[in-house]
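The block underneath contains the structure these notes are about, expressed in structure tokens.
The values are calculated or read from the model by the stated rules, or taken from the named source; none is laboratory data. Predicted model only: the values in this text are computed from it and were never measured. Quick reminder, even Gly has a Cβ in these numbers, built from the backbone with ideal geometry, and neighbours come from all protein chains shown. All accessible areas refer to the heavy atoms of the entire protein, side chains included, with ligands and DNA or RNA removed. Shrake-Rupley method; radii C 1.70, N 1.55, O 1.52, S 1.80 Å.
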Amino acid sequence: MPQQAKRVKATPDVLKAVMDAITENVEEAAQKVTLRFANRIAGRIRQTIVGQTQGDSWPPLSPPYAAWKKRKDLDPRMLYATGEYVQSIRARAIPGRKAYVVSPAQRVHKNKIYKGRNNLTLDRIGAIHEFGAVVTSPEGKKMVIPARPHWRPVLDDVRKNEAQWQKDFSGAVWAQIIPKLVDRIEAIGGSATL
């Protein structure tokens, strides 16, 4: 037979203990959950590229670029020549704030095939591929890079399902807080089944 929870009289001290347990832990819990959700979004963006899930709507690689990638023994998928750009997409803490941003690295490509060919940072390369651009090659040739959206579809889906994301976020925050709340109630002589 399941043990019945002991009732605790809701005195001002009990209510204060409960409120303290919530307020002391909500910021830390929200920060952990925010990082988890930011990593989930980063993972979905990476998966869009790795799995080529938007590939049907992306223009194909130009024949000269596809041939160049093959000669250099690079990955034939779009937006994934070496994987460095994709692997750099992650959640990053915003300095001085308790917040995160999902972004590619703000550094120049390290791969020897690309190193020295241009001084574009990975985040700039991502923007070029997301929106398209006309760029100049190291040889001085103008090249049209077509838009291959891989951020917007994921962010559009998050916006479209915002209510579910908010519900999941709240549930995850409470899942972090409830064990501490139960501990606080038990510390004052009560028991709780939540």
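For the reader, a short list of remarks on this structure follows.
- Residues of region 160-194 that are small (Gly, Ala, Ser), open to solvent by less than 80 Å² (accessible area, probe 1.4 Å) and modelled with pLDDT under 80: 189, 190, 191, 192.
- Residues considered: 95, 149. Of these, the only one that is surrounded by 12 or more Cβ atoms within 10 Å (Cβ to Cβ), under 20 Å from the mean Cα position of the chain (by Cα) and outside any helix (DSSP H, G or I) is 149.
- Of everything in region 135-146 that is touching a Gly at 6+ places or on another chain (Cβ under 8 Å) and surrounded by 11 or more Cβ atoms within 10 Å (Cβ to Cβ), the residue that is modelled with the lowest pLDDT is 145.
- Hits in region 66-75 - residues which are open to solvent by 80 Å² or more (accessible area, probe 1.4 Å) and in a helix (DSSP H, G or I): 70, 71
- Condition met for residue 132 (modelled with pLDDT of 90 or more, under 21 Å from residue 41 (Cβ atoms), surrounded by 11 or more Cβ atoms within 10 Å (Cβ to Cβ) and not aromatic (Phe, Trp, Tyr)): no
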